[in-house]
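Take a look at the structure below.
The values are calculated or read from the model by the stated rules, or taken from the named source; none is laboratory data. Note that the structure is predicted; figures quoted are calculated from it, not measured. Note that each Cβ is placed from the backbone with ideal geometry, even for glycine, and that neighbours are counted across all protein chains shown. SASA here: full protein model, heavy atoms, side chains in, ligands and nucleic acids out. Shrake-Rupley method; radii C 1.70, N 1.55, O 1.52, S 1.80 Å.
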Amino acid sequence: MLELQNINKYYNPGTINEMCLFDNFSLSVNKGEFVSVVGSNGSGKTSMLNIICGSIDIDGGKILINDKNITRMKEFERNKVIGRVYQNPSMGTCPTMTILENMSIADNKGKTFGLGRGTNKARINFYKEQLKQLNLGLEDKLNIKVGSLSGGQRQAMALLMATMTPIDFLILDEHTAALDPKTADLIMELTDKVVKEKNLTTIMVTHNLRYAIEYGNRLIMMHQGNAILDKNAVEKAETKVEDILKMFNQISIECGN
């Protein structure tokens, strides 16, 4: 279970540009939930993910994972239990290294590195089996540098690498936004498959309202640092894209846009 308790977050504190994004913001995500998060730019979606992952500090409140307070835990320490896939495919993989080397790095996440070889040849067949699930033929290209792959191939690899070791939470930060529609659909189908097979507690931020409706069992809409909509599985199943779009339009009118 993930809990954000009374989170406060200020940007540019003490300056004329000071802005309070979160003011006593609280959110709980239960084990096994797949939460789709939507909202306009500046609503707090990505900042919330950064707070969970430890990429940015908070000015007040607590962050708990399975009742353990991780508020002061460093980002690299949280990465042992959190897998993250970014909007930019290049951020989840190392372009100058081969597919085999990238897989090896992901396989050794959280482990202590000694003076042995970085790539364990005994694990090559395991890597091939993992890559074969993607149906992209990457299992036969282990010595190809990842930088030569397409954005969709790299994002599929990033998803696989983020979930290769046991994790408690999967964070998806607009992970289909940089892809063409056909490839984005492929990545979403793969995401759904991985989440269900590994029973991962997942938070997905997306601007694609169709994906927000079709995937996951909980829907949250953010606005000005607050969750103004929070639908459970039953309510979400009855929600249509038009319903969410109507709320966006109402917010836009209220904000004078």
Checklist entry - From Ile251, Ile187, which residue is part of a helix (DSSP H, G or I), touching a strand residue (DSSP E or B) at 6+ places or on another chain (Cβ under 7 Å) and either open to solvent by 20 Å² or more (accessible area, probe 1.4 Å) or at pLDDT below 95 (or both)? => result Ile251
Next on the checklist: If I ask for residues that are modelled with pLDDT under 90 and more than 14 Å from Leu160 (Cβ to Cβ), which ones from the stretch 80-115 would you list?
Outcome noted: Lys80, Asn88, Ser90, Met91, Asn108, Gly110, Lys111, Thr112, Phe113, Gly114, Leu115
Next on the checklist: Checking the structure you have, find out if any residue of the stretch 206-226 is assigned to a loop (DSSP other than H, G, I, E, B) and loosely packed, with under 13 Cβ neighbours inside 10 Å.
Outcome noted: no
Next on the checklist: What's the number of the only condition in (1) part of a loop (DSSP other than H, G, I, E, B); (2) modelled with pLDDT of 90 or more; (3) open to solvent by 20 Å² or more (accessible area, probe 1.4 Å) that Gly147 fails to meet?
Outcome noted: (1)
Item to check | Pick from the stretch 121-135, criterion among the hydrophobic types (A, V, I, L, M, F, W, C), at pLDDT 90 or above and surrounded by fewer than 20 Cβ atoms within 10 Å (Cβ to Cβ), ranking: farthest from Ile99 (Cα to Cα) | outcome: Phe126
Next on the checklist: Report every pair of residues separated by at least 6 positions or lying on different chains whose Cβ atoms are under 6 Å apart, first residue within the stretch 234-253 and farther than 11 Å from Val38 by Cβ, second loosely packed, with under 11 Cβ neighbours inside 10 Å.
Outcome noted: none
Next on the checklist: Every residue in the stretch 169-184 that is surrounded by fewer than 22 Cβ atoms within 10 Å (Cβ to Cβ), assigned to a loop (DSSP other than H, G, I, E, B) and not charged (D, E, K, R), please.
Outcome noted: Ala177, Ala178, Leu179
Checklist entry - Any idea how many residues of the stretch 198-216 are of a type outside the set (Ser, Thr, Tyr) and closer than 13 Å to Val37 by Cβ? => result 9
Next on the checklist: I want to confirm something. Restricting to the stretch 1-52 and keeping residues that are open to solvent by 20 Å² or more (accessible area, probe 1.4 Å) and of a type in the set (Val, Ile, Thr), which single residue is modelled with the highest pLDDT?
Outcome noted: Thr46
Checklist entry - Any residue in the stretch 79-97 that is surrounded by 18 or more Cβ atoms within 10 Å (Cβ to Cβ), in contact with a strand residue (DSSP E or B) (Cβ under 8 Å, 6 or more places away or on another chain), part of a helix (DSSP H, G or I) and not β-branched (Val, Ile, Thr)? => result no
